[in-house]
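Notes to accompany the following structure.
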Amino acid sequence: MRRFIMRVAVAATALAGALFLFACSSAVYVVESDDPFESAWNDYTLGEFDRATEKFEALRAGAVVGGDEWCKAVYGLATTWNLRRPGEDTKKATAYYEELIQGAPTHDLAVWSRLALARMKHLVPVGETPDYGEVRKAYRDVMALHPGHLAAQEAFLYLQSTLISSLDPAQTKQALEALEKAVADPEYQFVGPAWSLIAVGSQTLGDMERRLHAEEMSLKTTEVDPTNPFTEYSWQYWNLATIAEFDVGDFEKARYYYQKLIEEYPQDIRVYGARQALMRMDDLEMKIRAEM
């Protein structure tokens with residue numbers, strides 16, 4: 001089941017690229033599969049949303065209500081109506097998520113449906129403001145109903161993000177305490193994103209040394225997708241180097257990351273700035289020594 005969930009996640013993240021291909025080509029070739037669910041998700045990935053919904057509808061109609069195949073079909077319909085662009089229909093998506101929860105309340109996809117409904121409360125259209133009271137309640141409900149579940153761990157992360165995004169020092173401190181407990185827990189799966197949130201919250205509180213440490217830990221715990229040939233860290237190196245140089249005054253660490261940027265990404269546009277930074281720090285240290 002977790003493999004199925006990961007496939008859904010991959011399909012969702014591939015959607016933007018698929019839409020780009022669609023825009024650049026007069027014809028989109030859908031990869032057919034003997035697996036009807038895989039075929040439907042292939043259509044979704046390539047932006048063929050009408051074909052995807054037709055296939056998921058047929059699978060739903062031919063399955064036993066509450067059974068595994070029925071759950072996968074209903075979840076596919078809900079996700080397609082939720083995330084398709086253009087043509088999303090949040091009312092239909094909500095109805096399908098709720099149908100799944102009611103029809104198979106103990107199924108793993110019912111848990112993910114509860115999280116999806118919480119996300120829909122959080123990710124409102126541009127120009128609207130979420131009801132953060134309702135959003136936080138929805139995330140806490142997922143956590144309370146399914147403690148330890150991967151969806152609950154994800155809900156925890158989103159919950160803390162709402163506190164940090166408030167820019168309120170008290171709420172930010174509360175979130176950082178919870179996040180630091182999470183990253184120390186070997187059972188917690190979203191360590192990299194949690195460290196990223198800690199970095200953001202630390203900046204809000206003006207604790208730049210804590211931010212630098214969190215940014216480093218975020219980099220170290222980033223999960224690498226072996227199927228993605230475009231993974232690169234030039235921006236992270238630059239970010240760490242500038243924080244170390246300007247916000248913390250740790251020239252040794254700044255040099256380390258500037259040098260990694262130069263060596264690993266010699267064609268990057270920031271290499272010139274990195275070389276200038278190394279010279280700048282050398283000159284400053286020479287002046288300081290001369291004045292001593």
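The residues listed here are Q259, Q203; of these, the one that is over 30 Å from Y158 (Cβ atoms) and not basic (K, R) is Q259. For region 26-37, the condition of being modelled with pLDDT of 95 or more, in the same structural domain as L100 (by TED's automatic domain parsing) and loosely packed, with under 14 Cβ neighbours inside 10 Å holds for at least one residue. Residue-level analysis places S161 among those that are within 19 Å of S218 (Cβ to Cβ), among the small types (G, A, S) and out of contact with any Ser or Thr (no Cβ under 6 Å at 6 or more places or on another chain).
Of the residues making up region 125-176, those that are assigned to a helix (DSSP H, G or I), β-branched (V, I, T) and under 22 Å from T90 (Cβ atoms) are V135, V142, T162.
With respect to the conditions (1) assigned to a helix (DSSP H, G or I); (2) surrounded by fewer than 19 Cβ atoms within 10 Å (Cβ to Cβ); (3) over 20 Å from the mean Cα position of the chain (by Cα), A110 falls short on a single one, namely (2). Look at (1) outside any helix (DSSP H, G or I); (2) of a type in the set (S, T, N, Q); (3) under 30 Å from Q174 (Cβ atoms); (4) not assigned by TED's automatic domain parsing to the domain that holds E180 and you find that Q267 fails only one, number (3).
Only one of the listed residues (L115, L46) is within 17 Å of V142 (Cβ to Cβ), crowded, with 21+ Cβ neighbours inside 10 Å and not assigned by TED's automatic domain parsing to the domain that holds L159. That residue is L115.
The values are calculated or read from the model by the stated rules, or taken from the named source; none is laboratory data. None of the values given here were measured: they were computed from a predicted structure. Please note: Cβ atoms are built from the backbone with ideal geometry, for glycine as well, and neighbour counts cover all protein chains shown.
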